[in-house]
Amino acid sequence: MASQTDLSKRMLLIFYKIYTSAVREKESAIPSQVLLHFVNNHISTPISERTLQRDIKGIMNILPIQIDYNSKRGGYTLFEEGLKHSRSEDSNSKFKKKLQESEIERLKERLPLFKLYDPLRNHYSDIPDLPGNYLFLLRNDSSLPPTPEVPVFSHINVNEESLRVLYTGISTKARLRKRIYTRHLGNNSGKSTLRKSLGRLFGFRLIPRDKNKPNDGYKKFCKEDEEKLTDWMKRNLVVLYDDRADNYEMLQNQLITYLNPPLNIKDNHNPINLEFRKKLKRLRTGKLNPDSEANIINNDSYGS
């Protein structure tokens, strides 16, 4: 595992290269492979592109700058107008971070290009074995179990229908098909946070994922509940996916910020649905009992 010193060095190298390319060399963008090559030439243990993206995100959490990947320019760009709030400002400022207008416009252009996978109509082999991003959406005649904290949804038009965005995910390796069909629409919630969230909303009981390792922290549901959940998901959800991105993690962060899917807890700082996400997190980890007085679902809600 990399030390804090290694991480700090990488982040300094990344910022230095992006800054010098933008300010000194007057380059409109620096390609990801050029940036990755520069960093790896100055450290002892080479990093992957995903680690590079994670480090860039870390830089933006520390410094009042915005580093964006511009596919048209073919690389990373440094935006002065993307200055964030300083640490001395209101402690809630992290919830007020907005996407730049240029990012929003690109997302609006990109989302209609996502491809549709309908579990009731399409074969799973239609999903490519490629890296990419994906969205799970509720069908128009479907709904989540009722909760005291009613989530607010964003909508996406799909075949002239306005569908509610439930969750967004990412596959950085060549396994969109495995991620969507095998993990999320399979029968093992121990490998899918989406399934675990939905199952807990339905009040399903958590059990150890591996009976030989009951205390390792990994959970799933019993076979009967897993099969119920898979059936419900196939009848009530559709998937949009995109296999043409070249910066999957950054697109994932933008989708979370722009769409605020209620079942995305990690990296979601939107004040809307905050209380819903807090209780969902406690449910998902088993810290909140679905049958307790404080539950946000009851088991009778399993339906359409």
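For segment 130-236, the fraction of C-alpha pairs more than 22 angstrom apart is 38%. Ligands, DNA and RNA left out, the 1.4 Å accessible surface of segment 148-278 is 46% carbon and sulfur atoms. With Cα atoms as the point set, the radius of gyration and Dmax of segment 232-285 evaluate to 13.2, 35 Å.
Enter the mean projected area of the convex hull around the alpha-carbon atoms of segment 190-262, in nm², rounded to one decimal. Display every interim value, and only then the final one.
Details: hull surface 26.4 nm².
Seen from a random direction, the Cα hull of segment 190-262 projects 6.6 nm² on average.
Take peptides 36-47, 182-193 and line them up by average Cβ neighbours within 10 Å, highest first, as a rough protection proxy.
Details: 36-47: 13.5, 182-193: 18.7.
The packing order, highest mean first, is 182-193, 36-47.
The values are calculated or read from the model by the stated rules, or taken from the named source; none is laboratory data. What you are looking at is a predicted structure, and each value in this text was computed from that prediction instead of being measured. Ideal geometry is used to build each Cβ from the backbone, glycine not excepted, and the neighbour counts take in all protein chains shown. We work out accessible area using only protein heavy atoms, side chains counted, and drop any ligands, DNA or RNA first. Shrake-Rupley method; radii C 1.70, N 1.55, O 1.52, S 1.80 Å.
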